[in-house]
Amino acid sequence: VVLTIAINVSARQMRDPRLPDDVRDAITAAGIAPQSVVLEITESMLVHDPKEVAVVLYRLKSTGVRIAIDDFGTGYSSLSYLKDLPIDILKVDKAFVSPPDEGETDGHEVLGAILSLARTLGLSTVAEGVEEPEQAARLTAGGCDFGQGYLWARPLTVEDAETLLTESQATLEMTTTT
């Protein structure tokens, strides 16, 4: 099991030319593997200055981190961005994960299309807002790689996160040694 940390990057941070160097320095100082870091950007960041964002994304990618598009499907979803930029992960917005409202039928079809598109482009997928086991089962059946949401954990304090990780590691060790 590889522990991954996802970090939201703001539009202001994306405009800072020092961001890639700051990320590299932070990873080195923390002594962690760069591939365990996922930097999350929103689709809207890609619209404002695509050429500048592309330069920053490629510089970030050269540090070894992975890049995710957060809340995919709620902003300006240009297929050229997915094809041309160093994107590794699509985080599917909760709006496509939740059960459709009564009378609505296209929620699952859009989710299926997003998952299919990601597979075609060789991107990993993370479903946001997974709250029910039925959602997780549907996502798994549809080929979604990962999920996040209240089904697994509510927001945690640092202390509670450390406890969860310690308990998870102990459970994993017991499982692999028996």
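Output the number of the condition that T28 fails; it satisfies all remaining conditions of (1) open to solvent by 50 Å² or more (accessible area, probe 1.4 Å); (2) β-branched (V, I, T); (3) under 19 Å from T125 (Cβ atoms).
(3)
Mind listing whichever residues of the stretch 127-153 are out of contact with any Leu (no Cβ under 9 Å at 6 or more places or on another chain), assigned to a helix (DSSP H, G or I) and either polar (S, T, N, Q) or at pLDDT 95 or above (or both)?
T140
Looking at (1) modelled with pLDDT under 95; (2) crowded, with 16+ Cβ neighbours inside 10 Å; (3) not acidic (D, E), find the lone condition where L156 falls short.
Unmet condition: (2).
Give the number of residues within the stretch 6-43 that are at pLDDT 90 or above and under 16 Å from the mean Cα position of the chain (by Cα).
The number of residues fulfilling the criteria is 13.
If I ask for residues that are open to solvent by less than 80 Å² (accessible area, probe 1.4 Å) and modelled with pLDDT under 95, which ones from the stretch 68-83 would you list?
Result: I69, D70, D71, F72, G73, G75, S77, S78, S80, Y81, L82.
Residues being of a type in the set (A, V, I, L, M), out of contact with any helix residue (DSSP H, G or I) (no Cβ under 7 Å at 6 or more places or on another chain), open to solvent by 60 Å² or more (accessible area, probe 1.4 Å) and within 18 Å of A68 (Cα to Cα): count how many of those fall in the stretch 114-153.
0
Please name all residue pairs, on different chains or six or more residues apart, with Cβ atoms under 6 Å, provided the first residue is in the stretch 44-67 and is closer than 16 Å to I32 by Cα and modelled with pLDDT of 95 or more and the second residue is part of a helix (DSSP H, G or I) and open to solvent by 30 Å² or more (accessible area, probe 1.4 Å).
Listed pairs, sorted by first residue: T63/R24; T63/P34; G64/P34; G64/Q35; V65/P34.
Name every residue in the stretch 44-58 that is of a type outside the set (V, I, T), within 19 Å of the chain's Cα centre (by Cα) and open to solvent by 10 Å² or more (accessible area, probe 1.4 Å), in order of residue number.
S44, M45, A54, Y58
Restricting the search to the stretch 104-125, which residues are assigned to a loop (DSSP other than H, G, I, E, B) and either at pLDDT 90 or above or charged (D, E, K, R) (or both)?
E104, D106, G122, L123
When you check G64 against the structure, is it over 13 Å from the mean Cα position of the chain (by Cα) and at positive phi, yes or no?
Criteria met by G64.
Restricting the first residue to the stretch 122-133 and requiring it to be over 12 Å from D93 (Cβ atoms) and of a type outside the set (V, I, T), which pairs with a second residue that is open to solvent by less than 40 Å² (accessible area, probe 1.4 Å) and not in a loop (DSSP other than H, G, I, E, B) meet a Cβ separation below 6 Å and a spacing of at least six or different chains?
L123/L90; S124/I89
For a quick check of your reading of the model, give me the residue pairs whose first member lies in the stretch 104-117 and is under 16 Å from K91 (Cα atoms), whose second is modelled with pLDDT of 90 or more and exposed (fewer than 15 other Cβ atoms within 10 Å of the Cβ), with beta-carbon atoms closer than 8 Å and at least 6 apart or on different chains.
Pairs that qualify, where the first residue is under 16 Å from K91 (Cα atoms) and the partner is modelled with pLDDT of 90 or more and exposed (fewer than 15 other Cβ atoms within 10 Å of the Cβ), are L115/G143; S116/G143.
The values are calculated or read from the model by the stated rules, or taken from the named source; none is laboratory data. Since this is a predicted model, take the numbers as computed values, not measurements. Cβ atoms come from the backbone with ideal geometry, glycine included; neighbour counts cover every protein chain shown. What goes into the accessible areas is simple: the full protein's heavy atoms, side chains included, and nothing from ligands, DNA or RNA. Shrake-Rupley method; radii C 1.70, N 1.55, O 1.52, S 1.80 Å.
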